[in-house]
1. Answer yes if at least one residue in segment 174-196 is touching a strand residue (DSSP E or B) at 6+ places or on another chain (Cβ under 9 Å), modelled with pLDDT of 95 or more, buried (at least 19 other Cβ atoms within 10 Å of the Cβ) and more than 30 Å from PHE88 (Cα to Cα), and no otherwise.
2. Counting only residues that are modelled with pLDDT of 65 or more and surrounded by fewer than 13 Cβ atoms within 10 Å (Cβ to Cβ), how many does segment 292-307 have?
3. Mind checking which residues of segment 145-173 are acidic (Asp, Glu) and open to solvent by 90 Å² or more (accessible area, probe 1.4 Å)?
4. Counting only residues that are closer than 22 Å to LEU161 by Cα, acidic (Asp, Glu) and open to solvent by 20 Å² or more (accessible area, probe 1.4 Å), give me the strands (runs of 3 or more DSSP E) lying completely in segment 208-280 with at least 1 of them.
5. Take the residues in segment 84-124 that are more than 30 Å from ARG141 (Cα to Cα) and open to solvent by less than 40 Å² (accessible area, probe 1.4 Å); name whichever of them is modelled with the highest pLDDT.
6. With the requirement that a residue be of a type in the set (Gly, Ala, Ser) and touching a Lys or Arg at 6+ places or on another chain (Cβ under 9 Å), what does segment 193-213 give you?
7. Output the number of residues of segment 32-65 satisfying the condition of being small (Gly, Ala, Ser) and at pLDDT below 90.
Amino acid sequence: MKALSERILSGVAASAALPFAIFGGSRLLGHSGGPDWQAFLFVSLYALPVFLTLGIAASVVADWLADRIDADAGEGGSVFRRAVRSYFVHLVLYAAAGYGIFIGLARLLDGAESPESTSLLGASLGVSAAVLYYHALLVFRGWGAASHRRRFGEVVETDRLVLEPCTEERYAEANREGYPLGNHVKTYMQSLRRHPKLLGWGVWFVRLKETGEIIGDAGFKGNPDYAGAVDIGYGFLPEHRGRGYATEAAKALVAWAFAHGAGRVTAETLRDNAASIRVLRKNGFRLYREEEHYHWLLDATERLRGR
């Protein structure tokens, strides 16, 4: 819902800014005269439903294509280079979508009796509208990501541990310290770069409070679903197993999840993974389905009753 609200707000902002962009462009081309406020209002009101329907749909497709391109490009380059690459990939896709939408509407409404002039106008108006929409979306996403980071990016401390939600900086620091970053961590980082509001609902590094050493990682496998459920997982370096760290980290993360809107926490274990099963049982999880794997559940209300 938050992602949709950002797209709606971006459509409203872009429709309000579009007449000013057209006016500014006409002045750069040498046209004189002051702004026609009646025309401004007409353009805004005409553009708004287009932004809120075709614009939103096209932005979803463009974002999906950009995500696929970014994922295929992989981890190569610095953080800055990846950000620049992602920006221009999105910009090109949004511009192409804006051009296509304008051409389609022009031909549908006017019959496109003059395709050359229609294409030229589409290249200017459609692309300008799409670029405005994209940059408005960047602003609203930036505000949302900053707000999310303030709420979901704080560390959690227990008696013996410090749990850090994995960010770009913490990922780089863990890599410098020689912590073995598994594929699940790398995949999470690729997703986090595209979806900043995944922060907190993915990987957390677990450090010993006494030494600052990273001894494992734990966390969730994505944002809460429509039922408010999140799936928890954890793994520790061999030399730090059997000391209760997993139980302590899982307890802290379960409490964090419930405090941040999750209604239930689930987990999955192998049938013969006695250590992981003990961790879940000690934290109040109940076995609710037995298949090839065991499936576990801890509901927020059950946890409160169990206190």
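1. Yes: one or more hits.
2. Within segment 292-307, residues that are modelled with pLDDT of 65 or more and surrounded by fewer than 13 Cβ atoms within 10 Å (Cβ to Cβ) number 2.
3. Matches in segment 145-173: GLU154, GLU157, ASP159, GLU169.
4. Correct list: 229-236.
5. So, considering only residues that are more than 30 Å from ARG141 (Cα to Cα) and open to solvent by less than 40 Å² (accessible area, probe 1.4 Å), the one modelled with the highest pLDDT is ALA106.
6. GLY200, GLY202 - these are the residues of segment 193-213 that are of a type in the set (Gly, Ala, Ser) and touching a Lys or Arg at 6+ places or on another chain (Cβ under 9 Å).
7. Qualifying residue count, segment 32-65: 6.
The values are calculated or read from the model by the stated rules, or taken from the named source; none is laboratory data. From a predicted model like this one, the values you see are computed outputs, not experimental measurements. Ideal geometry is used to build each Cβ from the backbone, glycine not excepted, and the neighbour counts take in all protein chains shown. Note: areas computed on protein heavy atoms with side chains; ligands, DNA, RNA excluded. Shrake-Rupley method; radii C 1.70, N 1.55, O 1.52, S 1.80 Å.
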